[in-house]
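The values are calculated or read from the model by the stated rules, or taken from the named source; none is laboratory data. From a predicted model like this one, the values you see are computed outputs, not experimental measurements. Here the Cβ positions follow ideal geometry from the backbone for every residue, glycine too, while neighbour counts run over all protein chains shown.
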Amino acid sequence: MAWPPLVLASTSRYRRELLTRLRLPFDVRSPEVDETPQPGEAPAALSERLALAKARAVAAVHPQAIVIGSDQVAELDGQPIGKPGDHETAVAQLRAMRGRSVVFHTAVAVLRHDTGFEAVRRVPVTVRVRSLSEVEIETYLRLEQPYDCAGSAKCETLGIALLDAIESDDPTALVGLPLIVTSALLRAAGLDALAVLAGHGGGA
């Protein structure tokens, strides 16, 4: 059976690494999308809108493919927390988050133009951050430099030491791509990872 090509509409190395766990061949394309929040837009809605916009942007130039778009927005006190970009902003973010619960909204959209399939789902992850000292914040940032991560949180490495708890239905969501939901949406779009691998003798 001929399976449609799969394209990840993201240049995030974290999402690329996560998607490789499904062992499906895929291409990566950069979506040209303005990620500026709209006035009064809630973080949850922002994550869904951007995930869909990224998938649509890439699907427009790859109409025969199944396209995955994803976005993550951290929320504290109802306000979005983006990627810090630099050390000073990361320090400010972690100071604001310490001793608090932060919700990371990770949305994933799957599009398939040739069948008209389009769906988006969001997986919230609640993270309880420890009451961090200034030394702990500086040590973490100096070692990890997580300036491309929403909320300066990089839980897959040393960032896990910043936390009291992670509450989620999908452990991969916090890293950037909720694979349980992604797999379900791909199956709904007509691409079943296990069926593909069975057809290829369980290939890599």
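A few notes on this one:
- Members of region 130-153 that are crowded, with 21+ Cβ neighbours inside 10 Å, modelled with pLDDT under 90 and of a type outside the set (Gly, Ala, Ser): Cys149
- Val196 being modelled with pLDDT under 95, farther than 17 Å from Val73 by Cβ, β-branched (Val, Ile, Thr) and surrounded by 13 or more Cβ atoms within 10 Å (Cβ to Cβ): yes
- If you go through region 116-129 and keep only what is surrounded by fewer than 17 Cβ atoms within 10 Å (Cβ to Cβ) and either of a type in the set (S, T, N, Q) or touching a Phe, Trp or Tyr at 6+ places or on another chain (Cβ under 7 Å) (or both), you end up with just Thr126.
- Ala189 crowded, with 17+ Cβ neighbours inside 10 Å, under 28 Å from Pro31 (Cβ atoms), at pLDDT below 95 and in contact with a strand residue (DSSP E or B) (Cβ under 9 Å, 6 or more places away or on another chain): no
- Residue in region 97-106 that is hydrophobic (A, V, I, L, M, F, W, C), surrounded by fewer than 20 Cβ atoms within 10 Å (Cβ to Cβ) and touching a Pro at 6+ places or on another chain (Cβ under 8 Å) present: yes
- Single residue of Ala42, Ala55, Ala2 found to be closer than 18 Å to Gly190 by Cβ and more than 15 Å from the chain's Cα centre (by Cα): Ala2
- Selected residue (only one of Leu18, Leu52, Leu46 is crowded, with 19+ Cβ neighbours inside 10 Å, in contact (Cβ under 8 Å) with a residue 60 or more places away in the chain and under 27 Å from Leu132 (Cβ atoms)): Leu18
- Region 168-182, residues that are more than 11 Å from the chain's Cα centre (by Cα) and either closer than 16 Å to Ala74 by Cβ or at pLDDT below 95 (or both): Ser168, Asp169, Asp170, Pro171
- Those residues of region 160-186 which are more than 22 Å from Ser47 (Cα to Cα) and without any contact (Cβ under 8 Å) to a residue 40 or more places away in the chain, in sequence order: Ile160, Ala161, Leu163, Asp164, Ala165
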